[in-house]
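The structure appears below as structure tokens.
The values are calculated or read from the model by the stated rules, or taken from the named source; none is laboratory data. Model, not experiment: these values are computed from the prediction. Every residue, glycine as well, gets a Cβ built from its backbone with ideal geometry; the counts of neighbours run over all protein chains shown.
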Amino acid sequence: MVFDVMKARQDFPILAREMAPGVPLVYLDSAASAQKPRVVMDAMVSMMTHSYANVHRGIHRLGDEATDIYEGARSRAARFIGAQAAEEIVFVRGATEGINLVAQAWGRTHVGPGDEILVSEIEHHANLVPWRMLVQEKGATVRMAPVRDDGSLDMMVLAGMMNARTKMLAITAMSNVLGVINPVREIVALAHARGIPVLVDACQAAVHGQTDVQALGCDFLVFSAHKLYGPTGIGVLWGRKEILDSMPPWQGGGHMIDRVTPETITYAGVPARFEAGTMPIVESAGLVAALDYLDGFGMDAIAAHDRMLHDAARERLARIPGLRLMGGAPGSSNIVSFTLDGAQAYDVASIADKCGVALRAGHHCAQPLMRRLGVDATVRASFGLYNTLEEVEQLGRAIEKAREMLS
Ligand code: PMP
């Protein structure tokens with residue numbers, strides 16, 4: 001299918017906004033959070049208008065309808081990532097909460113003094129800090145596999161860091177700073193050959209191409225709906241059923257119990273055991289709409305569009321004197337990070353903002369990677385399915401203007 005970006009743009013009301021008279025919005029911050037198509041908003045409004053109630057509680061019709069929508073979202077999410085069963089999908093607030101859940105519920109049982117958790121140098125803090133918190137409590141350590149200058153992992157070094165004390169390999173499928181895509185299938189094979197389970201942070205990768213947990217072979221995978229053109233407040237933790245079954249609960253509250261007496265508690269099965277309290281019900285309707293919307297184009301078509309924008313942006317930015325492009329590992333996509341000689345990243349992004357170009361500047365929640373790159377901050381442009389080659393050119397012009405003003 002040919003992807004028609006101009007048609008797709010019409011699905012996103014916010015793109016009609018002018019940031020100043022005659023200055024259109026050029027939104028290049030989708031890696032932080034993607035804009036929402038009308039169908040997502042409509043699905044959420046429709047649920048609140050017609051079928052809203054709490055789920056799994058009501059003996060009334062609205063409760064049943066809401067439960068059907070919420071549980072339907074579980075099946076839809078399972079289909080989106082090729083999970084074997086809907087029960088393998090745990091709804092969480094986002095990728096961050098999913099990783100915290102695994103670090104606590106799985107980690108507290110399996111990690112002890114002297115054990116190691118293996119991560120990489122390009123992880124988002126969401127896939128680093130929860131593990132650091134766990135190991136502090138347990139007397140274990142987090143080891144960080146280094147990346148090369150282009151952001152790629154050295155697989156030999158990674159394999160060499162796996163040992164009998166390694167209890168978990170937690171790795172991103174795609175860097176939120178460099179757009180580098182890790183060879184997850186190969187990494188999982190290396191880890192599994194040594195009996196090490198693998199958690200995949202698919203927060204960026206899920207929006208960039210097809211995610212298939214069976215093909216990846218991993219044990220856990222997380223993503224957030226808001227980066228997939230869906231709502232904030234809902235994300236997915238996928239885990240193999242037998243591993244989820246073996247895990248104790250994490251947060252306590254309503255719905256996650258089987259029976260509570262003044263003296264004893266027994267817990268519900270999976271996934272209810274991990275879904276304490278009132279869940280993101282309206283957001284689940286938005287998630288379904290977002291996944292349907294994406295599948296309507298096909299993830300491969302979206303991935304090809306992202307890659308085209310990424311390659312064009314690197315090529316355009318490389319022509320600007322004094323601009324240092326980070327990363328560049330073959331196969332990278334969707335995200336470009338750079339610095340400009342003699343200019344602070346924040347200043348560059350502020351000038352771009354005056355031109356209507358929304359960029360991100362900072363450490364992007366990846367401070368170990370900043371240290372590896374030898375910088376405090378970068379400017380980051382990230383693309384969505386609604387971005388165009390004309391917008392890549394506007395990015396180039398905005399950065400040239402920043403260079404003129406700051407040098
Ligand atoms: N991992 C990666 C690679 C990310 O890019 C992000 C979000 N920037 C996260 C994890 C955390 O996602 P969330 O804030 O939605 O929980």
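Take G342 and decide whether it is over 20 Å from H310 (Cα atoms), surrounded by fewer than 18 Cβ atoms within 10 Å (Cβ to Cβ), in contact (Cβ under 8 Å) with a residue 12 or more places away in the chain and more than 18 Å from the chain's Cα centre (by Cα). So G342 passes the test. Screening A301 with (1) part of a loop (DSSP other than H, G, I, E, B); (2) farther than 25 Å from I99 by Cα gives one miss only, at (1).
Being assigned to a helix (DSSP H, G or I), over 20 Å from G230 (Cα atoms) and in contact with a strand residue (DSSP E or B) (Cβ under 8 Å, 6 or more places away or on another chain) is a property that V142 lacks. The set of residues in segment 232-242 that are under 25 Å from V207 (Cβ atoms) and surrounded by fewer than 24 Cβ atoms within 10 Å (Cβ to Cβ) comprises T232, G233, R240. Output yes when any residue across segment 274-295 is polar (S, T, N, Q), closer than 30 Å to D42 by Cβ and not in a loop (DSSP other than H, G, I, E, B), and no when none is. Yes. The sole residue among A289, A318 that is under 17 Å from A398 (Cα atoms) and either assigned by TED's automatic domain parsing to the domain that holds K241 or surrounded by fewer than 19 Cβ atoms within 10 Å (Cβ to Cβ) (or both) is A318.
Does at least one position in segment 176-187 carry a residue that is buried (at least 21 other Cβ atoms within 10 Å of the Cβ), more than 16 Å from the ligand (Cβ to nearest atom) and modelled with pLDDT of 95 or more? Looking for residues that are buried (at least 21 other Cβ atoms within 10 Å of the Cβ), more than 16 Å from the ligand (Cβ to nearest atom) and modelled with pLDDT of 95 or more, one finds none in segment 176-187, hence no.
If you go through segment 47-83 and keep only what is within 22 Å of the chain's Cα centre (by Cα) and in a loop (DSSP other than H, G, I, E, B), you end up with I81, G82, A83.
To keep it simple, each residue is scored yes or no on (1) outside any loop (DSSP other than H, G, I, E, B); (2) in the same structural domain as R93 (by TED's automatic domain parsing); (3) among the hydroxyl-bearing types (S, T, Y).
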{"residue": "I187", "(1), (2), (3)": "yes, yes, no"}
{"residue": "L190", "(1), (2), (3)": "yes, yes, no"}
{"residue": "T232", "(1), (2), (3)": "no, yes, yes"}
{"residue": "W238", "(1), (2), (3)": "yes, yes, no"}
{"residue": "D245", "(1), (2), (3)": "yes, yes, no"}
{"residue": "G252", "(1), (2), (3)": "no, yes, no"}
{"residue": "P262", "(1), (2), (3)": "no, yes, no"}
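Per-residue answers, yes or no, for (1) at pLDDT below 95; (2) within 16 Å of the ligand (Cβ to nearest atom); (3) in contact with a Pro (Cβ under 9 Å, 6 or more places away or on another chain):
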{"position": "M308", "(1), (2), (3)": "no, no, no"}
{"position": "P321", "(1), (2), (3)": "no, no, no"}
{"position": "R324", "(1), (2), (3)": "no, no, no"}
{"position": "G356", "(1), (2), (3)": "no, no, yes"}
{"position": "A366", "(1), (2), (3)": "no, yes, no"}
{"position": "T378", "(1), (2), (3)": "no, yes, no"}
{"position": "A381", "(1), (2), (3)": "no, yes, no"}
{"position": "T388", "(1), (2), (3)": "no, no, no"}
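Evaluating K36 against the criteria (1) crowded, with 16+ Cβ neighbours inside 10 Å; (2) farther than 26 Å from H364 by Cβ; (3) touching a residue at least 40 places away in the same chain (Cβ under 8 Å); (4) not polar (S, T, N, Q) leaves one unmet condition, (2).
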